[in-house]
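Asks: Below is the structure I would like to discuss, written out as structure tokens.
Rule-based calculations on the coordinates, nothing more; no lab input. What you are looking at is a predicted structure, and each value in this text was computed from that prediction instead of being measured. For neighbour counting, all protein chains shown are included, and Cβ atoms are generated from backbone atoms with ideal geometry for every residue, glycine included.
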Amino acid sequence: MRNATLRRLCAITANTFTEASRQRFFALLVLLGMVVAVSGAFLRVFNFGSSELKFTADFGFGCVFFFGSILAVVMTTQLFFAELENRTALPLLARPVRRWEFVAGKFLGAWALLGVFTALIFGVLGALLLVRSHELAQEAIRAGESAPWFSVQGLAIFALLQWLRLGVVAALTLLVCSFARSLLYAVTVSSLALLVCQMQGTARAALASGSNSWVRVVVETAGRLLPDLQLFDLGVPLALQPAGVPAGVVASAAGYGIFYTVVLLALAVWLFSDREI
Amino acid sequence: MPLPLAKKAAILVLLLLFAGTILSPIGGTAERWQKENQPAFNAATLEDAVGQGALLGIFGGFRAIMADFAWLRAYLHWENHDRAACETLMRLSIALDPGNLFFWRNTADIIAYDMPHWEIATRRHGGRIDLDPAVIKQISQKYAQRGLDLYANAVRIFPRQEGALWVQCALICQFRLNDPRLTADYYRKSAECPTPVWFAPIAYVNILTKELGQKNEAAAWLRSHIKKIRSGQYPAQSSAALDRLETKLRDIEK
């Protein structure tokens, strides 16, 4: 029985992944992401004072988050609604495929694709940073200065955290898709929710310092409604600071991402379970 | 039997709230660490960018380049002497990339040194109106205080630059406020912080002796300061700096 469930889940995941990876939109975003990430190295003429590696890395991290979020929202929505609009979901769910298997399969397929996207962009960014850090280290040695710090391991850990963050975004998008009636509505609401998730840490920090305790309570309560995506912004200390980030902090961010993804998926399954298709 | 839509939405909100409450302790360690170790997550640096919050959030990772572009735009307004736009954009640069000392120092200096001249020129209407010296002093004080506040915030974010930043504050007090007491206080802060600037004790003593006429206080402070350096309280001070301080003490005691 368990084997059958696993087989069905794998089949939906593989099918979703194949379908998504064949789309031009994915290839376009990967290409665009790589070009933008690399162009950070050429935009350093605009840089005022921060270290060159930090500037390039920051640009690349922004690129992964920006294009990754677009991919997570648009691709997940498109994959979900394609099944409903093309009516391919009807014969699929008429077979012994449970609705939770359908939702989980869609998520895993989209998340695997986001993993490929993250790995490709971080691969290019890592190579760029590695080459440049060696050059800068040699220049620094010649000038008698301390060499800049760059950790490939730290970058790899951050890549995993970014993948988890995009997983949360994909799960949130699936939650919206589970009750949305149109693709446009799902994309719009998911994008707005993503904006709130990304901004809520800033908003809480800024508004909670106000003296009004009621404001603080309202802001704190509102902040509990959606995940705080800024918790995953550990890229610069992980990859570019010798002190790094304590393992407990990385585990905390990773655990937060994994548990939130599971909770959002569970809610998506609950909403989708009695939806009329 | 499917639940009514309103009931379902209410349950969804409650479940999200419940999940958020349960899961926030899991991410609590990461949140606390970020607030303590990353200036971009420090509420003090966010105050100036609340209105720009959307930008700050959307461009999570593009902070450095957005800050640089904001700074370029601030330069344009600096050329036109547009105080409001220039200060807003400079503060936005700080909020977007608070780990960059360049933005802090230049913003504080432009506000303290340049902006009073711009406001005075505007109020004088191209020299057609004479301004009361008291008004000019008030304008200078207003901008100098804003510059000093920025430096005080910068000290919290760059503790290793504390000595150098207090010296910048002393210079503002010296050249914009003409206040030797306050100038001396800032040089003293620089001399007594964990990362002192080597000339700060000498500058402090010079102001005490030459401008405030407190020769005895200067000698007493310098003796105690030299003792502290010898006991290893300020390891950043070199032996050459100690020699200079001893020479200075001998000069005062003559």
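Asks: Give the calculated FRET efficiency between B:L131 and A:R24 to the nearest 0.05, with a Förster radius of 56 Å applied to their Cβ-Cβ distance. If you can, show how the numbers build up before the last one.
Replies: Details: r = 66 Å, r/R0 = 1.17.
With a Förster radius of 56 Å, E is 0.30.
Asks: Follow-up. Between the DSSP loop rule and a limit of at most 11 other Cβ atoms within 10 Å, which chymotrypsin sites (Phe, Trp or Tyr not before Pro) in region B:118-199 are left?
Replies: Details: sites: B:W118, B:Y143, B:Y151, B:W166, B:F175, B:Y186, B:Y187, B:W198, B:F199; in loops: B:W198, B:F199.
Loop-located and lightly packed - none at all.
Asks: A further question follows. Mind checking the dipole of the protein assembly as shown: about its Cα centre, +1 per Lys or Arg Cβ, -1 per Asp or Glu Cβ, Debye to the nearest 20?
Replies: On the way: 51 positive and 39 negative charges, 179 e Å.
Rounded to the nearest 20 debye, it is 860 debye.
Asks: Another question, then. How are the C-alpha pair distances of region B:93-177 spread across 5 Å bins, as whole percents from the shortest bin up?
Replies: 3, 15, 24, 20, 15, 10, 7, 5, 2, 0
Asks: I've got another one for you. Mean 1/r over all different Cα pairs, inverted: what Kirkwood radius does region B:184-254 give, in Å?
Replies: On the way: mean 1/r = 0.0845 Å⁻¹.
Hydrodynamic radius (Kirkwood, Cα only) of region B:184-254 equals 11.8 Å.
Asks: State to the nearest 20 debye the size of the charge dipole of chain B about its Cα centre, where the only charges are +1 on K and R beta carbons and -1 on D and E beta carbons. Can you show the working numbers first?
Replies: Working: 31 positive and 25 negative charges, 96 e Å.
Dipole of chain B, to the nearest 20 debye: 460 debye.
Asks: Here's something else I'd like to know. Between Rg and the Kirkwood Rh of region B:105-227, both from Cα atoms, what is the Rg to Rh ratio? Could you put the intermediate results ahead of the total?
Replies: Values: Rg = 16.5 Å, Rh = 15.4 Å.
Reported Rg/Rh (Cα atoms, Kirkwood Rh): 1.07.
Asks: So what's the angle, to the nearest 10 degrees on a 0 to 90 scale, between helix B:83-96 and the longest Cα principal axis of chain B?
Replies: Relative to chain B, helix B:83-96 is tipped by roughly 70 degrees.
Asks: Would you mind working out the magnitude of the charge dipole of region B:184-254 relative to its Cα centre, with +1 at each Lys and Arg C-beta and -1 at each Asp and Glu C-beta, to the nearest 20 Debye?
Replies: Numbers: 12 positive and 8 negative charges, 29 e Å.
Dipole about the Cα centre, nearest 20: 140 debye.
Asks: What nm distance separates the two modelled labels at A:W214 and B:K142, each placed 7 Å from Cα along Cα→Cβ?
Replies: 3.4 nm
Asks: Could you give me D for chain A, from Stokes-Einstein at 4 °C and 1.567 mPa s, where the hydrodynamic radius is the Kirkwood radius over C-alpha pairs? Units µm² s⁻¹, please. Write out the running numbers ahead of the final one.
Replies: On the way: Rh = 20.3 Å.
For the chosen part, D equals 64 µm²/s.
Asks: Go ahead and run the numbers for FRET between B:D179 and B:R32, Cβ-Cβ distance against an R0 of 35 Å, rounding to 0.05.
Replies: On the way: r = 40 Å, r/R0 = 1.14.
That pair, B:D179 with B:R32, gives E of 0.30.
Asks: Still on this structure, please answer the following. Mean Kyte-Doolittle of at least 1.6 plus a Cα span of 18 Å or more along the axis: flag which DSSP H helices in chain A meet both, please.
Replies: Values: long enough: A:2-21 (28 Å, -0.15); A:24-39 (22 Å, 2.34); A:52-85 (48 Å, 1.15); A:99-143 (64 Å, 1.02); A:152-177 (37 Å, 1.93); A:183-208 (36 Å, 1.32); A:213-225 (19 Å, 0.55); A:247-273 (38 Å, 1.86).
The answer, listed by residue number, is A:24-39, A:152-177, A:247-273.
Asks: Now for a separate question. Using the alpha-carbon atoms, what tilt in degrees (0 to 90, nearest 10) does helix B:239-253 show relative to the longest principal axis of chain B?
Replies: Once rounded, the angle reads 50 degrees.
Asks: Across bins of 10 angstrom width beginning at 0, how are the C-alpha pair distances of the protein assembly as shown distributed, in whole percent?
Replies: 3, 15, 22, 21, 16, 11, 6, 3, 1, 0, 0
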